[in-house]
Amino acid sequence: MERVNNLKDSTNYDTPAKLEAIHRDIKRLMERTNQEYLDLMMANLRKDFIDSITVYLSDDIKKGLEQGMVDPCPMRDTCKSVFTAYLEENSKNIQQGHISGGTIAQKRDELNQIRKKVSGDNCDACFQEVNSLFEKQLNIMDSLQIYSFNDETKTEIAVIDEEKIVKNVLEPLSNRQRLQIMKYMASQTRSFSILSEFTGLRGGNLLFHLQKLLENDLIMQRHERGDYMITKKGFNLLLLLANFQKSTED
């Protein structure tokens, strides 16, 4: 009889503990299930949002190029097709969920290579529009935390060589006439006489400014006494200045 009573007491003692353990297991299961459901729901919402953003960017590309490209121009349709393919390929990168800095650098270089293949009088306006649309895509990527250039920017700022930048970039570009010369030859090569007529500078005065740009690899001369043309470095600096000006006006 005593043994039966001990068994009943033991059963009575274990039952609440077992029920509490079962309750904890059920609670953990529900919490895990709810979290998994929440994660799945958030993933689906993010996917739907990114899909919507991609559609928006596609429409924005068409609208931007239609309104921003020079018209009339005999190469307009051809260039528009190339620009559309370039920008839409970049917008599709958003769907990957993460884009490396190397991929973005490659896309920038790709646009520079396209720019080098054309030399029309009105190309600057079209390329500025393409570059503006490209930067808009990057801003959206940054806001979605798909591509963040904040850490990269901090690293790049930290390694700036002040003396080199001032000597090779800021000083040559600080003169209005030198900047004017670079802008004028951004779309095609220019002869000394054409530059003289455009700037109003004569002989040694013009030569001084050209030499300053030549020394810093912002322009180049095809051959001795030949036409002058902008370098890749010079063109990239012009794009940088154009983007800076646009950002301060928005």
> Going through segment 98-114 one residue at a time, which ones are assigned to a helix (DSSP H, G or I), farther than 13 Å from Gln137 by Cα and of a type outside the set (Gly, Ala, Ser)?
Replying inline: Thr103, Gln106, Asp109, Glu110, Leu111, Asn112, Gln113, Ile114
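Condition check ((1) surrounded by 15 or more Cβ atoms within 10 Å (Cβ to Cβ); (2) at pLDDT 90 or above; (3) within 19 Å of Asn122 (Cα to Cα); (4) of a type in the set (Val, Ile, Thr)) across all residues:
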{"site": "Ile181", "(1), (2), (3), (4)": "yes, yes, yes, yes"}
{"site": "Met185", "(1), (2), (3), (4)": "yes, no, yes, no"}
{"site": "Phe192", "(1), (2), (3), (4)": "yes, yes, no, no"}
{"site": "Leu195", "(1), (2), (3), (4)": "yes, yes, yes, no"}
{"site": "Phe208", "(1), (2), (3), (4)": "no, yes, no, no"}
{"site": "Gln211", "(1), (2), (3), (4)": "no, yes, no, no"}
{"site": "Leu214", "(1), (2), (3), (4)": "yes, yes, no, no"}
{"site": "Leu218", "(1), (2), (3), (4)": "yes, yes, no, no"}
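Being modelled with pLDDT of 65 or more and small (Gly, Ala, Ser) is the filter; apply it to segment 127-155 and report the residue that is surrounded by the most Cβ atoms within 10 Å (Cβ to Cβ). Even if it seems obvious, please write down each step before you answer.
So in segment 127-155, the residues modelled with pLDDT of 65 or more come out as 127-146.
Pick out the ones that are also small (Gly, Ala, Ser) and you get 132, 143.
Details: Ser132: 15, Ser143: 11.
My answer is Ser132.
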>> Against the conditions (1) without any contact (Cβ under 8 Å) to a residue 60 or more places away in the chain; (2) under 26 Å from Glu129 (Cα atoms), where does Gln221 fall short? Just the number, please.
In response: (2)
> Do you know which residues across segment 223-235 are surrounded by fewer than 16 Cβ atoms within 10 Å (Cβ to Cβ) and part of a helix (DSSP H, G or I)?
Replying inline: Lys232, Lys233
>> Testing Asn168 on (1) touching a helix residue (DSSP H, G or I) at 6+ places or on another chain (Cβ under 8 Å); (2) at pLDDT 70 or above; (3) surrounded by 16 or more Cβ atoms within 10 Å (Cβ to Cβ), one condition comes back false. Which one is that?
In response: (1)
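Can you tell me which residues in segment 178-204 are part of a helix (DSSP H, G or I) and under 30 Å from the mean Cα position of the chain (by Cα)? Working first, answer last.
Step one: filter segment 178-204 for residues part of a helix (DSSP H, G or I), giving 178-184, 192-199, 203-204.
Arg178, Leu179, Gln180, Ile181, Met182, Lys183, Tyr184, listed by residue number.
The values are calculated or read from the model by the stated rules, or taken from the named source; none is laboratory data. All of these numbers come straight from a predicted model, not from anything done at the bench. Reconstructed Cβ throughout: ideal geometry from the backbone, glycine too, with neighbour counts over all protein chains shown.
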